[in-house]
Amino acid sequence: MSASFSFTLEKTDGGARLGRITTAHGEIQTPVFMPVGTAATVKGMHPESVAATGAKIVLGNTYHLMLRPGADRIERLGGLHRFMNWPGPILTDSGGFQVMSLAKLRKLTEDGVTFQSHIDGSRHTLTPESSTEIQRKLDATITMAFDECTPFPVDRKGAAESMRLSMRWAVRSREAFVARPGYGQFGIVQGSVFPDLRAESIEALTKLDFEGYAVGGLAVGEGQELMFKTLDTTTPLMPVHKPRYLMGVGKPSDIVGAVLRGIDMFDCVMPTRSGRTAQAFTRRGTVNLRNARHMDDPRPLDEHCTCPACRNYSRAYLHHLVRAEEMLGPMLLTWHNIQYYQDLTAGLRDAIANGTTQQFVADFEAGQALGDLEEVPVYGLGK
């Protein structure tokens, strides 16, 4: 537990970066995808199964855990790592996004946000200080600064006011953070799709010398083209020797495009949520296991994937589980999707290391374009 928190940039290939984050709970190779374990569990997965996909870090959430079972209880029980049986690194979202999207009767002030729980209507307040303290009680390896997630669409004036509030909250979050060996805190860049506001946000955050920097306020409805355009003007301004985290992203093509633009870390509920709704991500695009065409199909879901769903079961069986509403169906498809995301980022890491990122991307795009029923070459995934 004595390791200091650090980021080593090992190689670049164009804008893509190969790196290593050292933490109190282990090392993380980047680019990395973090499975989302909002309420101290990756839905439908044992922690050992999550680790078996190659995942090194998972995400928890301050808002959900403070409401149930409570940060004080988790602290008494030895912290989130012991509580959920995940010894590796854990990043906790600050709760700001969930307050805005889930809570009832919320009131935003300079101090913070007062809201009613979506669970039982009880009243709570989150401030930069309390969010940071809750994350300390959870024993988060990476703590996120408390911010307001700017909605989209938004005019420039609204985006500026929101961003500047988040920057004032970032100062308070940083002051409240208790520095410990191997633990870090990330600031969150806001400013919507306005390049000058993003630049102002980065300037304010870098003065606080966070251990890492996240890009927030994207993947909120602006579309992939505008998201990439915003990253094109944002990531070049971010510190080179600190990890860069794009929050809440995304589809496989989002991740590939963002890696090309210098992003190191990702999280998204998409692979787990899609697994629960019979959607599977494969090297040939997205497959809907509800479709009747899978009823008599003896093939694996993805012949190049090593997960149990692909290794041990046919599409026909997975289709049967989905149609029969058997819980094993969502469990297997969730495992597959997390495995796919881990294989995708592992393939990107190998490509950056070998200087073949552009070829990897071309093969990825060709495979996705060919579609599920066509043959497609292996392109570095699922070794």
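A few comments on the model shown:
- Length-normalised contact order of the range 274-370 in % [C-alpha pairs under 8 Å, at least 6 apart]: 33
- In plain terms, the chain from Arg323 to Glu48 could stretch by 96.2 nm, reckoned as 0.36 nm per residue minus the Cα-Cα distance.
- Note on Lys157: aspartates and glutamates with a C-alpha under 13 Å away, same-chain residues under 8 apart excluded, are Asp196.
- Solitary cysteines of the chain, where the nearest other Cys Cβ is not under 4.7 Å: Cys149, Cys268, Cys307
- Neighbours of Gln224, meaning other residues whose beta-carbon lies under 14 angstrom from its beta-carbon, give a summed charge of -2 when Lys and Arg score +1 and Asp and Glu score -1.
- Relative contact order of the chain: 17 percent, from C-alpha pairs under 8 Å at least 6 residues apart in sequence.
- A simple packing score, the average count of other Cβ atoms within 10 Å per residue, orders the peptides 222-229, 256-263 as 256-263, 222-229, with the highest score first.
- Cut-off 17 Å (backbone N to label point 7 Å along Cα→Cβ of Glu203), residues of the range 219-257: 233-239
- Label point at Thr306 placed 7 Å out along Cα→Cβ; residues across the range 329-344 whose backbone nitrogen lies under 18 Å: 335-344
- For the listed peptides 142-152, 13-23, 84-94, 297-307, a ranking on the average number of other beta carbons within 10 Å per residue, highest first, reads 142-152, 84-94, 13-23, 297-307.
- Computed log₁₀ I(q)/I(0) - Debye formula, equal Cα scatterers, no solvent, the chain, q 0.09, 0.10 Å⁻¹: -0.51, -0.63
- Cross-link check: pairs Lys11/Lys56; Lys104/Lys242; Lys137/Lys207; Lys11/Lys137; Lys104/Lys207; Lys56/Lys251 evaluated at a Cα-Cα cut-off of 29 Å; pairs beyond the cut-off: Lys104/Lys242; Lys11/Lys137; Lys104/Lys207.
- Arg299-Asp111 pseudo-label distance in nm [points 7 Å out on the Cα-to-Cβ vector]: 6.1
- Estimated FRET transfer efficiency (His118, Lys251; beta-carbon r; R0 22 Å; 0.05): 0.25
- For Glu110, the shell of other residues with beta-carbons less than 15 Å away shows a net charge of 0, using +1 for Lys and Arg and -1 for Asp and Glu.
- Rounded, prolate or oblate (a/c below 1.5 giving rounded, otherwise prolate when a/b exceeds b/c) for the range 274-370 by Cα gyration tensor: prolate
Values quoted throughout were computed directly from the atomic coordinates according to the rules given, and no laboratory measurement underlies them. All figures in this text were calculated on a predicted structure; none of them were measured in a lab. Please note: Cβ atoms are built from the backbone with ideal geometry, for glycine as well, and neighbour counts cover all protein chains shown.
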